[in-house]
Amino acid sequence: MTDVEELAQTLLMEGYALYPYTPGAAKNSTPTPFGIVYPPVYAVESPTTYDHLRLQLIAEVADPGAATLAVSVLFLEPSGPRHEAAKRRIELPATTLAQLEAEPVTVEFAFEAVRGRVRMAAQAFQDGLVRVTALVENTTEVGEGLDRPGALRSSMLSTHVIARVAGGAGAALDARLISPTAPPPHAVTANMACANVNTFPVLASHEDDVALGAAIVLPDHPQLAPESRGDLFDGTEIEEALLLHVLALSDDERASIERDDPAVRAMIERAAAATPAEILALHGRMTLSDPESQEAAP
């Protein structure tokens, strides 16, 4: 997988299950993910719940008639009495920004527990700046009076968006996305016209042609540490400490987990196979450099 794909898959599983991972633990009675897109009937009851996700960024392009936008939406669909969830993905194909300004592209989807639609659009500003939009909506029809566990069964969990721009044939570097948190001076005003809802977009590629709409706050160009042992699910906990905690589980706790969600069981097995050297590597990394030598280098 590409770096952004691997990052998105890791973020997708954050909050999926919590230590000690046993099915009887109170905090595992319902999913605890970030990035929830609730059904409309439930979302309307509170200002802190949303039935949609909107990602908006400024793209800088040489030719809106040739530059394209493509959008991928990833989320977890609930299935089963507790955590178990199916990974879902919706793709909107690359479409020129000029076409998107004239007519947005909308794709509807329907899975077992969740229905919705994804729309992408564009609006041109001056000086080659274009606002690109990805809108994800949950349109699942459910009855009124749901409590949160009931609403989660018809929600899009851990919703993430990947937006990619390209300059067109032979012009791959003639399109880039502007940092939403640190825009250059010429794009500050346009950036202020972006209104993101229920997502935190960051630049996610070396060429700044890919952005990730994350469910948690991240810096631009986030990376996974090479020492990581894989997804531990537990809401951005310190991996070294959490891995040691997993190894400290009793035989009875591990037995109950083995009867539970296959994804959690696989994580426990991976943690149990960690070597002392791999655990030690999680303790930290020190990089030494000589600033004077670096400045003198050609």
Q) Residues in region 114-123: is at least one of a type outside the set (Lys, Arg), surrounded by 18 or more Cβ atoms within 10 Å (Cβ to Cβ) and in a loop (DSSP other than H, G, I, E, B)? A) yes
**Q.** Sole exception among (1) open to solvent by less than 50 Å² (accessible area, probe 1.4 Å); (2) assigned to a strand (DSSP E or B); (3) over 30 Å from Ala255 (Cβ atoms) for Arg54, by number
**A.** (1)
Q: Taking Thr181 as the residue in question, decide whether it is hydroxyl-bearing (Ser, Thr, Tyr), out of contact with any His (no Cβ under 7 Å at 6 or more places or on another chain) and buried (at least 21 other Cβ atoms within 10 Å of the Cβ).
A: no
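State which residue is farthest from Thr10 (Cα to Cα) when the search covers only region 78-113 and only residues that are assigned to a strand (DSSP E or B) and open to solvent by 90 Å² or more (accessible area, probe 1.4 Å).
The selected residue is Glu108.
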(Q) Looking only at residues that are under 16 Å from Ala66 (Cα atoms) and open to solvent by less than 40 Å² (accessible area, probe 1.4 Å) in region 125-153, which one is nearest to the chain's Cα centre (by Cα)? (A) Val132
Q | region 189-199: number of residues that are surrounded by fewer than 12 Cβ atoms within 10 Å (Cβ to Cβ) and free of Cβ contacts under 8 Å to residues at least 12 places away in the same chain | A | 1
**Q.** Qualifying positions in region 206-242 - of a type in the set (Ser, Thr, Tyr) and either open to solvent by less than 40 Å² (accessible area, probe 1.4 Å) or within 16 Å of the chain's Cα centre (by Cα) (or both)
**A.** Thr236
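The values are calculated or read from the model by the stated rules, or taken from the named source; none is laboratory data. None of these values were measured; they are calculated from a predicted model. Positions of Cβ are backbone-derived with ideal geometry, glycine not excepted, and every protein chain shown enters the neighbour counts. Note: areas computed on protein heavy atoms with side chains; ligands, DNA, RNA excluded. Shrake-Rupley method; radii C 1.70, N 1.55, O 1.52, S 1.80 Å.
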